[in-house]
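Take a look at the structure below.
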Amino acid sequence: MPPAPSELAYIPFVSVENMMRLVHHVGIETVLLELTDAVEADFRRWNAFEKTPRMASHSRQGVIELMPTSDGEIFGFKYVNGHPGNAAKGFQTVAAFGLLARVDTGYPLVLTEMTLLTALRTAATSAMAARHLAPPGAKVMAMIGNGAQAEFQALAMKAVVGIEEVRLYDIDPRATQKTARNLGKSGLRVIACASSQEAVAGAQIITTCTADKAYATILTDNMVGAGVHINAIGGDCPGKTELHRDILARASTFVEFEPQTRIEGEIQQMDASYPVTEIWRVLTGDAEGRRDPRQITLFDSVGFAIEDFAALRYVYSKLQGTDFFQPIDMVADPDDPRDLFGMLLRAA
Ligand SMILES: NC(=O)c1ccc[n+]([C@@H]2O[C@H](COP(=O)([O-])OP(=O)(O)OC[C@H]3O[C@@H](n4cnc5c(N)ncnc54)[C@H](O)[C@@H]3O)[C@@H](O)[C@H]2O)c1
């Protein structure tokens with residue numbers, strides 16, 4: 001029997017099962033509200049972070065990405081994929097895990113599943129943008145694309161923005177039925193629609209969340225009336241968009257991190273002079289958000305590392321004194337730091 005690993009070897013690991021337990025323990029809407037505040041707090045200290053467009057490894061089938069950032073004290077990264085053809089094979093479109101580490105020693109602090117956490121943080125980020133950009137008092141949201149992210153989006157907009165009705169549309173009616181069923185007890189009025197035109201009727205917020213590695217046109221210009229807020233989530237990598245460019249020509253567009261969104265967002269359709277505002281500037285009062293009731297605001301979301309950093313820190317903050325994690329001996333930590341080989345021999 002080799003000796004047991006040292007104290008320093010152990011890192012809390014949040015499995016999928018424990019993430020599920022943690023979310024229900026706190027309450028889904030409370031998690032979404034608290035995460036929205038956590039993401040906003042980190043966006044407000046934008047200048048404290050190291051920022052880089054994510055590292056993306058593209059293939060014909062999809063993309064695998066690494067999303068790192070640091071605030072000088074803590075470093076975080078997420079591994080995430082995006083494979084639009086996965087669902088047909090029984091795999092998820094998006095799956096993820098992530099890690100936080102101390103900057104001073106480089107030792108990890110926590111390792112966690114992030115597939116559920118990505119859906120939560122994406123919804124929280126959408127809600128954060130909507131609470132600053134959507135028309136005041138927005139009560140109705142159209143949700144086009146009723147896949148894995150859909151319920152999270154609807155619940156975050158309910159909890160944070162106060163929407164009361166969600167109008168669902170998906171090219172696959174089974175996806176709409178699934179979402180309607182899952183939202184059955186949410187307190188939202190859920191309307192299943194037969195077309196995207198029907199879904200956007202009367203909506204003050206339009207969320208597009210479809211998956212197709214193509215220049216798709218989920219929304220055409222005539223579908224977007226004055227004063228609407230568009231929360232465009234699905235267009236999030238090169239060659240993958242959801243909005244007709246005429247909508248962009250009419251909209252005031254807000255982004256997470258401009259250098260990344262120019263490559264990956266809806267705005268890849270526009271030339272480099274197309275004006276955008278980074279959302280952190282609105283949050284800090286440095287730039288104007290919605291300024292008139294007829295303005296079309298667009299949050300061109302692609303997902304940015306600071307959102308994952310905030311979500312990882314949020315989960316980490318909830319672990320103390322709970323059993324929502326397992327300690328795993330992830331770091332090889334010999335008693336004599338230079339005797340790594342000696343440590344290996346102990347198991348011979
Ligand atoms: N911006 C972000 O931060 C962020 C985060 C997570 C996921 N995403 C992206 O969001 C998209 C959706 O993710 P998901 O996990 O919900 O995927 P998913 O595959 O579970 O769901 C996508 C849904 O879109 C539907 N769809 C495809 N084409 C459509 C069309 N033309 N009209 C209506 N519905 C259509 C599909 O039938 C499916 O139900 C993906 O492209 C993903 O990369 C973005």
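The values are calculated or read from the model by the stated rules, or taken from the named source; none is laboratory data. Quick caveat: nothing in here was measured; it's all calculated off a predicted structure. No Cβ is skipped: glycine too gets one built from the backbone with ideal geometry, and neighbour counts run over all protein chains shown. Surface accessibility is based on the protein's heavy atoms, side chains included, excluding ligands, DNA and RNA. Shrake-Rupley method; radii C 1.70, N 1.55, O 1.52, S 1.80 Å.
Tell me yes or no: at least one residue of region 216-227 is in a helix (DSSP H, G or I), within 13 Å of the ligand (Cβ to nearest atom), open to solvent by less than 60 Å² (accessible area, probe 1.4 Å) and modelled with pLDDT of 95 or more.
Yes, region 216-227 has at least one match.
Which pairs do you get when a residue that is modelled with pLDDT under 95, found in region 184-208, comes within reach of a residue that is more than 12 Å from the ligand (Cβ to nearest atom), reach meaning Cβ atoms under 9 angstrom, with the pair 6+ apart or on two chains?
none
Name the pairs whose Cβ atoms lie under 9 Å apart, with the first residue in region 8-34 and closer than 18 Å to Ala159 by Cβ, the second assigned to a strand (DSSP E or B), and 6 or more positions between them or separate chains?
Hits for this filter: Leu22/Val14.
Do you know which residues across region 313-331 are open to solvent by less than 60 Å² (accessible area, probe 1.4 Å) and out of contact with any Phe, Trp or Tyr (no Cβ under 9 Å at 6 or more places or on another chain)?
Tyr314, Thr322, Phe324
Go through Asp170, Asp236 for me and flag whichever is touching a helix residue (DSSP H, G or I) at 6+ places or on another chain (Cβ under 9 Å), near the ligand (Cβ under 9 Å from one of its atoms), within 22 Å of Val255 (Cβ to Cβ) and acidic (Asp, Glu).
Just one listed residue meets the conditions, Asp236.
In region 64-90, how many are within 13 Å of the ligand (Cβ to nearest atom), closer than 20 Å to Ala311 by Cβ and not charged (D, E, K, R)?
5
Return the total of residues in region 195-215 being among the small types (Gly, Ala, Ser) and away from the ligand (no atom under 12 Å from the Cβ).
Total satisfying the criteria: 3.
Are there any pairs, at least 6 apart or on different chains, whose C-beta atoms fall under 9 Å, with the first in region 46-60 and touching a residue at least 40 places away in the same chain (Cβ under 8 Å) and the second basic (Lys, Arg) and open to solvent by 60 Å² or more (accessible area, probe 1.4 Å), and if so, which?
The qualifying pairs are Trp46/Arg281.
List the helices (runs of 4 or more DSSP H) that sit entirely inside region 250-348 and contain at least 2 residues that are in contact with an Asp or Glu (Cβ under 7 Å, 6 or more places away or on another chain) and of a type in the set (A, V, I, L, M, F, W, C).
Those helices (runs of 4 or more DSSP H) span 279-283, 305-319.
Within region 136-154, take every residue that is more than 12 Å from the ligand (Cβ to nearest atom) and surrounded by fewer than 24 Cβ atoms within 10 Å (Cβ to Cβ) and give me the one that is nearest to Val200 (Cα to Cα).
In this case the residue turns out to be Val140.
Check whether at least one residue in region 173-182 is within 24 Å of Gly85 (Cβ to Cβ), open to solvent by 60 Å² or more (accessible area, probe 1.4 Å), near the ligand (Cβ under 9 Å from one of its atoms) and at pLDDT below 95, and report yes or no.
Checked against the condition, which is being within 24 Å of Gly85 (Cβ to Cβ), open to solvent by 60 Å² or more (accessible area, probe 1.4 Å), near the ligand (Cβ under 9 Å from one of its atoms) and at pLDDT below 95, region 173-182 yields no hits at all.
Would a scan of region 265-282 turn up a residue that is among the aliphatic types (A, V, I, L, M) and in contact with a Pro (Cβ under 9 Å, 6 or more places away or on another chain)?
Checked against the condition, which is being among the aliphatic types (A, V, I, L, M) and in contact with a Pro (Cβ under 9 Å, 6 or more places away or on another chain), region 265-282 yields no hits at all.
Would you check which residues across region 91-121 are within 16 Å of the ligand (Cβ to nearest atom) and assigned to a strand (DSSP E or B) and list them?
Of everything in region 91-121, those that are within 16 Å of the ligand (Cβ to nearest atom) and assigned to a strand (DSSP E or B) turn out to be Ala96, Phe97, Gly98, Glu113.
If the requirement is being surrounded by fewer than 23 Cβ atoms within 10 Å (Cβ to Cβ), in contact with a Leu (Cβ under 7 Å, 6 or more places away or on another chain) and of a type outside the set (A, V, I, L, M, F, W, C), which of these qualifies: Lys185, Lys158?
Selected residue: Lys158, the only one of Lys185, Lys158 that is surrounded by fewer than 23 Cβ atoms within 10 Å (Cβ to Cβ), in contact with a Leu (Cβ under 7 Å, 6 or more places away or on another chain) and of a type outside the set (A, V, I, L, M, F, W, C).
Among the residues of region 239-293, count how many are among the polar types (S, T, N, Q), more than 21 Å from Phe43 (Cα to Cα) and open to solvent by less than 40 Å² (accessible area, probe 1.4 Å).
The number of residues fulfilling the criteria is 1.
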